[in-house]
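To keep things clear, I will list the structure first and then write my remarks on it.
The values are calculated or read from the model by the stated rules, or taken from the named source; none is laboratory data. Please read all numbers here as calculations on a predicted model, not as lab measurements. Heads up, the Cβs are rebuilt from the backbone with ideal geometry, glycines too, and the neighbour counts pull from every protein chain shown. Please note that ligands, DNA and RNA were not included when accessible areas were found on the heavy atoms of the full protein model with its side chains. Shrake-Rupley method; radii C 1.70, N 1.55, O 1.52, S 1.80 Å.
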Amino acid sequence: MKATKVFEAKDHRWWILYDQEESRVIDSNVYVMESQGQAFLLDPGGFEIFPQVFAALVEAVPPASIQGAFVSHQDPDIASSLPLWHACNPKIQWHIPALWEGFIRHYGALEAPLQDIPDAGGNTLIGGRRLEFIPAHYLHSSANFHVYDPEAKVLFTGDVGAALLPPGHSAWVDRRDVDGKSFAAHIEKARYFHQRWMPSNRAKDDWIERVRKLEIDYLCPQHGAIYSGPQVQRFLDWFATLPVGNGIA
Amino acid sequence: MTPEQLTRQQERVMEVVNASFRARQDIDRALREIDRRALNAMVLVKKHGNALAGYGVVAQAFRERAALLRESASHLQENIAPLIEAQMRILQQQRLLQNFAQVENSGGTNLQAQCAGLLTTRRAWDKAIAAEQENARKILRQLLEEVRILQEGVEEQEYVVTSGRIEAALVEASGVPLMRVSRDMGEAVRIVARAVRDYRQQLERLQDESY
């Protein structure tokens, strides 16, 4: 996996760890927010890819600087590495959806310090900077959160915006895409994922309405590539018109 | 390996990982500083023409050595990522092994008779861990060799700094502050030397405690 900077302003940085080498499990991105020497992990990934995520992380931040971590929902590609991270750094405070606590502990993390996020959301401070936990329930999990950094204008969106890309993919959806052609090609790799994994049109519309009020420069999904600049708006417009929940004929 | 040895090994690996990050940052920063100082010295020399030609040779050598150090340091990075990955795979497999141990402990003596596959699987995991540990030891030896090469490069750079001090003393009458330039270069090299030495100590401790 590779580590690439998403955002940087003085002592405030966002990193993406992406393009995993193991192809038998779904390709996942892991994000790291760093502020004043303190780091925060977002969706740290599955048990199987932990060694390569950890090795890539050391490109970005020292592991001892990780103060906290966030788990958007209960899926194994998100949280099954939790006991391994806990073994490496037992001081990490884990922010998880309250609804999933008893489930997430099944991954073998009985002793890990888990901080429940209530359904209404919440926030945390890392290196003096505030991160907001924004409800994204039913997108796709029934208790699901995204993370917004108002200073960096980064929105981590978990499975929303996800695309199934081949090995060697870029961290970004083409940033010089003036006419939207690259976006059109990319979004085809996201279509089935959203139609099949996202269960609720009502939840989707509610989320879009709330998210449109935020200033977003980078929309960062847990699979695929980052939408930046005009691609953010293109994605929201595309998602708004997409009917989801197509598992029921 | 006992659970205590396992925990100790894990702590040692984390110390090395964090030390590696710090060492890389310190070395990068100091190498950039060395390059900047050498460039400044060369500009000073050019300004003063033939009078400082001797120091010009030293400054050029200093800059060239800095480039070689940077090259050697880049090899460190190439090897630290595979070492970390191997160590984390060991952690991952030990975690699975712990689960097996729990099953065996709770199942009593009849368990292996009832479930023959359990013993086979546990042996396979033991073997996988042993192979990973051997791989990690191999990478560690390679890494220590890279560190040794880097240290040799730093020592040669220290020698160039000493030559620079002598040249600076010889042309002190020119009024150009070459003694200060040499002192600054020496300080930058000392920072690299210290970072590399500390890093080597961490790696050697990990090697001593590897099972």
query = Which of the residues that make up segment B:104-128 are touching a Lys or Arg at 6+ places or on another chain (Cβ under 9 Å) and either in contact (Cβ under 8 Å) with a residue 24 or more places away in the chain or open to solvent by 70 Å² or more (accessible area, probe 1.4 Å) (or both)?
reply = B:ALA128
inquiry  = Can you find, within segment A:85-97, the residue that is nearest to B:GLU85 (Cα to Cα) among those that are within 14 Å of chain B (Cβ to nearest Cβ) and surrounded by fewer than 24 Cβ atoms within 10 Å (Cβ to Cβ)?
reply    = A:CYS88
task = Scan segment A:23-56 for residues that are open to solvent by less than 30 Å² (accessible area, probe 1.4 Å), of a type in the set (A, V, I, L, M, F, W, C) and within 14 Å of chain B (Cβ to nearest Cβ) and report the count.
result = 9
remark   = The one condition B:SER20 fails out of (1) within 9 Å of chain A (Cβ to nearest Cβ); (2) open to solvent by 40 Å² or more (accessible area, probe 1.4 Å) is (2)
request  = Could you check, for segment A:195-216, whether at least one of its residues is among the charged types (D, E, K, R) and farther than 25 Å from A:TYR148 by Cβ?
outcome  = yes
key: Yes/no for B:VAL103 being part of a helix (DSSP H, G or I), within 14 Å of another protein chain (Cβ to nearest Cβ) and farther than 28 Å from B:SER20 by Cβ   = yes
request  = Identify all residues within segment A:201-231 that are farther than 19 Å from A:HIS169 by Cα and of a type in the set (A, V, I, L, M); write none if there are none.
outcome  = A:ALA203, A:ILE208, A:VAL211, A:LEU214, A:ILE216
key: Odd one out for B:GLU71, checked against (1) within 12 Å of chain A (Cβ to nearest Cβ); (2) open to solvent by 30 Å² or more (accessible area, probe 1.4 Å)   = (1)
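Results for (1) out of contact with any helix residue (DSSP H, G or I) (no Cβ under 7 Å at 6 or more places or on another chain); (2) in a loop (DSSP other than H, G, I, E, B); (3) under 21 Å from B:GLN92 (Cα atoms), shown as yes or no for each residue.
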| position | (1), (2), (3) |
| --- | --- |
| B:THR120 | yes, no, yes |
| B:ARG123 | yes, no, yes |
| B:ILE129 | no, no, yes |
| B:GLU134 | yes, no, yes |
| B:ARG137 | yes, no, yes |
| B:ARG141 | yes, no, no |
| B:LEU144 | no, no, no |
| B:VAL147 | no, no, no |
| B:LEU150 | no, no, no |
key: Odd one out for B:GLY56, checked against (1) crowded, with 16+ Cβ neighbours inside 10 Å; (2) out of contact with any Pro (no Cβ under 9 Å at 6 or more places or on another chain); (3) in contact (Cβ under 8 Å) with a residue 24 or more places away in the chain   = (3)
inquiry  = Being within 14 Å of chain B (Cβ to nearest Cβ) and open to solvent by 30 Å² or more (accessible area, probe 1.4 Å) narrows it down to one residue among A:GLU59, A:GLU101; which is it?
reply    = A:GLU59
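Mind checking which residues of segment A:3-39 are of a type in the set (Gly, Ala, Ser), in contact with a helix residue (DSSP H, G or I) (Cβ under 8 Å, 6 or more places away or on another chain) and under 23 Å from A:LEU125 (Cα atoms)?
Of everything in segment A:3-39, those that are of a type in the set (Gly, Ala, Ser), in contact with a helix residue (DSSP H, G or I) (Cβ under 8 Å, 6 or more places away or on another chain) and under 23 Å from A:LEU125 (Cα atoms) turn out to be A:GLY37, A:ALA39.
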ask   = A:ALA79 fails exactly one of the following numbered conditions: (1) open to solvent by 30 Å² or more (accessible area, probe 1.4 Å); (2) more than 13 Å from chain B (Cβ to nearest Cβ); (3) over 27 Å from A:GLU8 (Cβ atoms). What is the number of that condition?
value = (1)
note = Exactly one of B:VAL147, B:VAL171, B:VAL181 is closer than 29 Å to B:SER20 by Cα, among the β-branched types (Val, Ile, Thr) and more than 14 Å from every other protein chain (Cβ to nearest Cβ), and that one is B:VAL147
task = With respect to A:ALA69, determine if the residue is more than 14 Å from every other protein chain (Cβ to nearest Cβ), buried (at least 23 other Cβ atoms within 10 Å of the Cβ), free of Cβ contacts under 8 Å to residues at least 60 places away in the same chain and touching a helix residue (DSSP H, G or I) at 6+ places or on another chain (Cβ under 6 Å).
result = no
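Confirm whether B:GLU85 is open to solvent by less than 60 Å² (accessible area, probe 1.4 Å), touching a Pro at 6+ places or on another chain (Cβ under 7 Å) and either more than 14 Å from chain A (Cβ to nearest Cβ) or among the charged types (D, E, K, R) (or both).
On the way: open to solvent by less than 60 Å² (accessible area, probe 1.4 Å): yes; touching a Pro at 6+ places or on another chain (Cβ under 7 Å): yes; either more than 14 Å from chain A (Cβ to nearest Cβ) or among the charged types (D, E, K, R) (or both): yes.
Yes, satisfied.
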ask   = Before we move on, is B:GLU155 under 30 Å from B:ASP208 (Cβ atoms), part of a helix (DSSP H, G or I) and not aromatic (Phe, Trp, Tyr)?
value = yes
